[in-house]
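Worksheet for the structure shown next.
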Amino acid sequence: MDFQHLIVNRQSVRKYSNKPVETEKIQLCLEAARLAPSASNSQPWTFIWIDDPELLTLLAKASRGPLGTFNNFVSQAPVLVVMVIEKPKVLTEMGGRLKNKEYSLIDLGIAAEHFCLQAAELGLGTCMLGWFDEKAVKDLLHIPHEKVVGLLITLGYPAENYPLRKKVRKPFDKVVRRNSY
């Protein structure tokens, strides 16, 4: 698939088939994330791949909203990837403080997008989740208390006939400037 087609067709999937995801495809997605660029090559991430059904059920509960009103689809996903933010290199951390930028968050976003684009190219669906009970996720996965869970990503084959939604984005000329603001 050419890159523009991939960009246009990649979307957040919130309904999955029960077809298992092949180990090789999961590994390709994780490899794409691992190879993502990062500030000073810090690579401030650890990826935890979960496919154990019992653990997935518990993590799905940990990703629901306070009233159980959103992320209800997570329980359908056959795979969940948890992205843990690791301490960056000292130089990167110092630079971030000086520039008031959280480079680790930027880096994690780049890695997550690499993961999701690779998944889309392989015919898989993903959805990035920023809402979850971090303490519960840490407890379930034995993540050290001082670590930060940055993102969860669901992964699986979209449900049959899952609709390709038209992207609703601001017009090009409203978000792109040339040579000045």
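Taken together, the values in this text are just the output of simple stated rules run on the coordinates, not laboratory data. Every value quoted in this text rests on a predicted model; they were computed, and no experiment measured them. As a convention, Cβ positions derive from the backbone with ideal geometry for all residues, glycine included, and neighbour counts pool all protein chains shown.
Please list, in chain and number order, the residues 5+ apart from residue 45 or on another chain whose amide H is under 5 Å from its amide H, with Hs placed from the backbone.
Excluding prolines and chain starts, which carry no amide H, the hits are 86.
Could you tell me what percent of the DSSP beta bridges with both partners in the chain are antiparallel, to the nearest 5?
Approximately 95 percent, going by the DSSP bridge assignments.
Leaving out same-chain residues fewer than 8 places away, which aspartates and glutamates sit with a Cα under 20 Å from that of residue 167?
2, 113, 121
Out of 64, 97, 14, any idea which swings most in a Gaussian network model of the chain, alpha carbons joined below 10 Å?
Largest GNM mean-square fluctuation: 97.
Sorted by packing (mean other beta-carbon atoms within 10 Å per residue), highest first, where do 103-109, 36-42 land?
Going by the mean number of other Cβ atoms within 10 Å, highest first, we get 103-109, 36-42.
Taking the chain as a Gaussian network, where each spring joins two C-alpha atoms under 10 Å apart, which residue of 83, 94, 128 fluctuates the most?
94
Taking amide H positions as placed 1.01 Å from N in the peptide plane, with prolines and chain starts having none, which residues 5 or more places from residue 125, or on another chain, fall under 5 Å of its amide H?
Amide H neighbours of residue 125: 156, 157.
Taking H as built 1.01 Å from N, whose amide H comes closer than 5 Å to the amide H of residue 70, not counting residues under 5 places away?
Residues meeting the criterion, in which the H sits 1.01 Å from N, are 65.
³J(HN,Hα) across the range 35-43 via Karplus (A = 6.51, B = -1.76, C = 1.60, θ = phi - 60°), whole Hz, x for Gly/Pro?
Residue by residue, the range 35-43 yields 7, 4, x, 8, 4, 6, 6, 5, 6 Hz.
Remind me, relative contact order of the range 3-175 in percent, using alpha carbon pairs under 8 angstrom and six or more residues apart?
Reported as a whole number, the value is 36 percent.
Mind giving me the FRET efficiency for residue 167 and residue 49? R0 is 35 Å, r the Cβ-Cβ distance, nearest 0.05 is fine.
Efficiency, rounded to the nearest 0.05: 0.80.
Provide the net charge surrounding residue 72, with neighbours chosen by a C-beta distance below 12 Å and charges set as Lys +1, Arg +1, Asp -1, Glu -1.
Charge balance in the 12 Å sphere: +4.
Cross-link candidates for residue 87: which aspartates and glutamates have Cα within less than 14 Å, leaving aside residues fewer than 8 places away along the same chain?
Leaving aside aspartates and glutamates fewer than 8 places away in the same chain, those within reach of residue 87 are 102, 107, 146.
Less than 29 Å apart at the alpha-carbon level, and either on another chain or at least 8 residues along: which lysines does that give for residue 170?
15, 99, 101
Taking 1 over the mean of 1/r across every pair of different Cα atoms in the range 3-175, what Kirkwood radius in Å do you get?
Answer for the range 3-175: a Kirkwood hydrodynamic radius of 17.0 Å.
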